[in-house]
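Presented below is the structure to which this report refers.
The values are calculated or read from the model by the stated rules, or taken from the named source; none is laboratory data. No experiment lies behind these values; they were computed from the predicted model shown. Here Cβ is always computed from backbone atoms with ideal geometry, including for glycine, and neighbour counts include all displayed protein chains.
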Amino acid sequence: MLLQGALATLGLCTSVFAQDVSSYISSEGPIALTGVLNNIGPNGSKAPGADAGVVVASPSTSNPNYFYTWIRDSSLTFQVLIDRLVSGQDTSNQGLIDDFTVAYANIQQVTNPSGSVSSGGLGEPKFYVNETAFDGSWGRPQRDGPALRSTAFITYANYLISKNNQTYVQNTLWPAIKLDLDYVAANWNQTTFDLWEEIQSSSFFTTAVQHKALRLGSALASTLGEDHSTYDTQAGDVLCFLQSYWNPSPGYMTANTGGGRSGKDANTVLASIHTFDPAAACDSVTFQPCSDLALSNLKTYVDSFREIYTVNSGISASAAAAVGRYPEDVYQGGNPWYLALFAVAEQLYDALYVWDQQGSLSISDISLGFFKQFDSGAASGSYASSSAEYTNLTGAIKSFADGFIALNAKYTPSGGGLAEQFSRDDGTPTSAVDLTWSYASALTAFDRRAGSVPGSWGAKGLTTSCGQSKIGESTTTSVTFSVNKTTSLGQAIYLTGSVAALSSWSTSNAVLLSTLDYPVWSTTLNLPSSTAITYKYFVLENGQVTWESDPNNSITTAASGSQTLNDTWH
Ligand code: NOJ
Ligand code: NOJ
């Protein structure tokens, strides 16, 4: 262990290290699967009294008492079992999956403190394990639940349809799926408690999984001949709203619109892995795991824990470190969470998968800081898999990802049980024992590392046409941007800036200007009214970005109407 610790500290890529991770995975994988199954009724050994298909969050009954079923934990857990059924990796749990759909369709109908099935009750976060309502005070509603539940149900429904069982889907699963989708479509722009059940505002994870559920739901509705127009319209608006969480400096997704914290939060990493679409390349509009936005976010998030946990002392600034929910956390000691380390590894395995599939990786000015951790000389550009830089970077990133697994391995007690947290001071496991979600997160990280990825959900090629009807942006002003710039063949001028309609400083989704009045390049956009905005133009040539020199341009948009900007290139 000492030697491995030293190697990890130096961030060295060694086969000893990879072997160590592989041997942990071969022992922990089966333990994690058993850990999941033990916590599911009716036969799970640690779930006495739980109804068939009901997931107990943890067998812990005090400090904390987790002997309840949460819609989020349960849906994410069954998502793993369903994805493994779909991939053919494990077909042995289909009976349990059927039990799950029956139980959680029943739970939808249980009137609870959030309301009845038709008056908001679908947002209730947790129930007793016999499917009755929990009446105590709690952070409610939590609007990620219906999105995650419908996503799991839809994944199973699509599988059944592929096996010619459309009748069962139409008659039995679709009514429950539709309830959740209608709830999401009607309520996504209402405030919610975040996934940590603490802050009531809008929350990145919730918005991201809602968007995915609506896209999946629209496709299933269309297969079944059901109306999907509302899901499509709302999905477009949700995707616009999703862009607004991006905080360009220092480059991360702010987890919650409220709460008064830094906003650096595992929320965003979990969102990226749970909305991973292997067909969507490195698209930043859906914050794909290999997108420049999600990679920049990952670095910002991980770095926020380097100085605050004693267990991270002595670890180099570019090596894997223990991470938790968010740096300000104090719950149960505010420690590292196993599922957070697994999530970081998983995001990176997802990224490595896509780079490998597409045969290249790209570095933008936004993701440069992330890549510089592995090569201080890294530069913006696109690198083919045949290049030395690609080999160098992907090798280092694989080791970095494995480092998070290795840390969890280091802090997994003999026997392999995974609690919720391990002590920030000395790594001792703490808080809820045998947390179902910890085990489920181990399984997905291990599956992705082995190259097993979930199905596509339709993120490929999505674009936004925002500008109207975003939360907090009730009025817009039409702004014409124009800049006089003589260019040569192969060069194009783009615009990017500080609001979503200006692609939130992304260079990969920036706005291409028109040459209609060349040498004046121009475009007209709807921007939020009476808003201070900064922006810049850049030249794109062969994938290379050349920015205007500093400083950024700035304007405050008019209260209404339209305005025209005649900029001089600088
Ligand atoms: C219990 C919740 O499960 C947990 O996420 C939260 O941090 C604490 N309550 C404190 O609000
Ligand atoms: C507390 C976590 O914050 C929350 O996300 C989870 O649903 C519950 N524990 C149950 O595991």
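Here S452 qualifies as surrounded by fewer than 19 Cβ atoms within 10 Å (Cβ to Cβ) and not β-branched (V, I, T).
For the stretch 127-148, filtering for residues that are away from ligand 2 (no atom under 13 Å from the Cβ) and either within 17 Å of V80 (Cβ to Cβ) or aliphatic (A, V, I, L, M) (or both) leaves 2. Looking at the stretch 323-341, can you tell me whether even one residue there is modelled with pLDDT of 95 or more and more than 16 Å from ligand 2 (Cβ to nearest atom)? No - not one qualifying residue is present in the stretch 323-341. Among the conditions (1) at pLDDT 90 or above; (2) closer than 23 Å to S362 by Cα; (3) not hydrophobic (A, V, I, L, M, F, W, C), G497 misses just one, which is (1). Take the conditions without any contact (Cβ under 8 Å) to a residue 60 or more places away in the chain, within 30 Å of S364 (Cα to Cα) and small (G, A, S) and apply them to S249. Does it pass? Spelling it out, S249 is indeed without any contact (Cβ under 8 Å) to a residue 60 or more places away in the chain, within 30 Å of S364 (Cα to Cα) and small (G, A, S). Residues that are of a type in the set (S, T, N, Q) and either away from ligand 1 (no atom under 16 Å from the Cβ) or surrounded by fewer than 24 Cβ atoms within 10 Å (Cβ to Cβ) (or both) within the stretch 139-158 comprise S150, T151, T155, N158, listed in sequence order. Applying the criterion of being at pLDDT 90 or above and hydrophobic (A, V, I, L, M, F, W, C) to the residues of the stretch 523-539, the residue that is nearest to the chain's Cα centre (by Cα) is F538. Contact annotation: residue pairs with Cβ atoms under 9 Å, 6 or more positions apart or on different chains, pairing a residue in the stretch 392-421 that is over 24 Å from F370 (Cα atoms) and charged (D, E, K, R) with a partner that is in a loop (DSSP other than H, G, I, E, B) and away from ligand 2 (no atom under 16 Å from the Cβ), are K410/M1; K410/G427. The set of residues in the stretch 557-570 being of a type outside the set (D, E, K, R) and surrounded by 11 or more Cβ atoms within 10 Å (Cβ to Cβ) consists of T557, A558, S560, S562, Q563, T564, L565, N566, W569, H570.
Yes/no matrix, rows are residues, columns are (1) surrounded by fewer than 20 Cβ atoms within 10 Å (Cβ to Cβ); (2) more than 16 Å from ligand 2 (Cβ to nearest atom); (3) not assigned by TED's automatic domain parsing to the domain that holds S202:
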| site | (1), (2), (3) |
| --- | --- |
| D434 | no, no, yes |
| W437 | no, no, yes |
| A445 | no, yes, yes |
| S456 | yes, yes, yes |
| T486 | yes, yes, yes |
| N509 | no, yes, yes |
| L512 | yes, yes, yes |
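Inspection of the stretch 301-319 finds no residue satisfying the criterion of being aliphatic (A, V, I, L, M) and closer than 22 Å to Q79 by Cβ. The residue that is nearest to ligand 1 (Cβ to nearest atom), counting only those in the stretch 116-127 that are under 28 Å from the mean Cα position of the chain (by Cα) and part of a loop (DSSP other than H, G, I, E, B), is P125.
The residues in the stretch 151-174 that are touching a residue at least 60 places away in the same chain (Cβ under 8 Å) and over 24 Å from S203 (Cβ atoms) can be counted, and the count is 7. Outside the structural domain of L298 (by TED's automatic domain parsing) and within 16 Å of ligand 2 (Cβ to nearest atom): does that describe V209? Yes: the conditions hold for V209. Would you confirm, using the coordinates I've provided, whether L7 is touching a helix residue (DSSP H, G or I) at 6+ places or on another chain (Cβ under 7 Å) and modelled with pLDDT of 95 or more? Spelling it out, it is not the case that L7 is touching a helix residue (DSSP H, G or I) at 6+ places or on another chain (Cβ under 7 Å) and modelled with pLDDT of 95 or more. For residues that are within 23 Å of the chain's Cα centre (by Cα) and of a type in the set (K, R), scanning just the stretch 393-449, find the one that is nearest to ligand 1 (Cβ to nearest atom). The selected residue is R448.
Taking the criterion of being at pLDDT 85 or above and buried (at least 20 other Cβ atoms within 10 Å of the Cβ), the residues of the stretch 472-484 that qualify are V479, F481, V483. Which residues, counting only those in the stretch 58-105, are basic (K, R) and either more than 16 Å from ligand 2 (Cβ to nearest atom) or not assigned by TED's automatic domain parsing to the domain that holds Q142 (or both)? Across the stretch 58-105, the qualifying residue is only R84. Looking at S441, S465, just one residue is more than 27 Å from S75 (Cβ to Cβ) and either of a type outside the set (V, I, T) or modelled with pLDDT of 95 or more (or both), and that residue is S465. One residue alone among G121, G145, G139 is in the same structural domain as F205 (by TED's automatic domain parsing), over 18 Å from F205 (Cα atoms) and either of a type outside the set (S, T, Y) or in contact with a helix residue (DSSP H, G or I) (Cβ under 7 Å, 6 or more places away or on another chain) (or both), and that residue is G121.
Taking the criterion of being hydroxyl-bearing (S, T, Y) and touching a Cys at 6+ places or on another chain (Cβ under 7 Å), the only residue of the stretch 262-293 that qualifies is S291.
Just wondering, is there one or more residues in the stretch 49-61 that are among the small types (G, A, S), free of Cβ contacts under 8 Å to residues at least 40 places away in the same chain and assigned to a loop (DSSP other than H, G, I, E, B)? No, that holds for no residue.
In the stretch 125-138, the qualifying residues are those that are of a type outside the set (D, E, K, R) and in contact (Cβ under 8 Å) with a residue 40 or more places away in the chain, and the one that is surrounded by the most Cβ atoms within 10 Å (Cβ to Cβ) is P125.
With respect to being without any contact (Cβ under 8 Å) to a residue 40 or more places away in the chain and in a loop (DSSP other than H, G, I, E, B), L489 fits the description. Whether any residue in the stretch 194-203 is of a type in the set (A, V, I, L, M) and over 15 Å from the mean Cα position of the chain (by Cα) is what I want to check. Scanning the stretch 194-203, I find at least one residue that is of a type in the set (A, V, I, L, M) and over 15 Å from the mean Cα position of the chain (by Cα), so the answer is yes. Being part of a helix (DSSP H, G or I), within 16 Å of ligand 1 (Cβ to nearest atom) and of a type in the set (S, T, Y) is the filter here; which residues of the stretch 159-217 pass it? Once the filter is applied, which keeps residues that are part of a helix (DSSP H, G or I), within 16 Å of ligand 1 (Cβ to nearest atom) and of a type in the set (S, T, Y), the stretch 159-217 yields only T206.
Among the residues making up the stretch 389-404, those that are out of contact with any Phe, Trp or Tyr (no Cβ under 7 Å at 6 or more places or on another chain) and more than 28 Å from W337 (Cβ to Cβ) are T391, N392.
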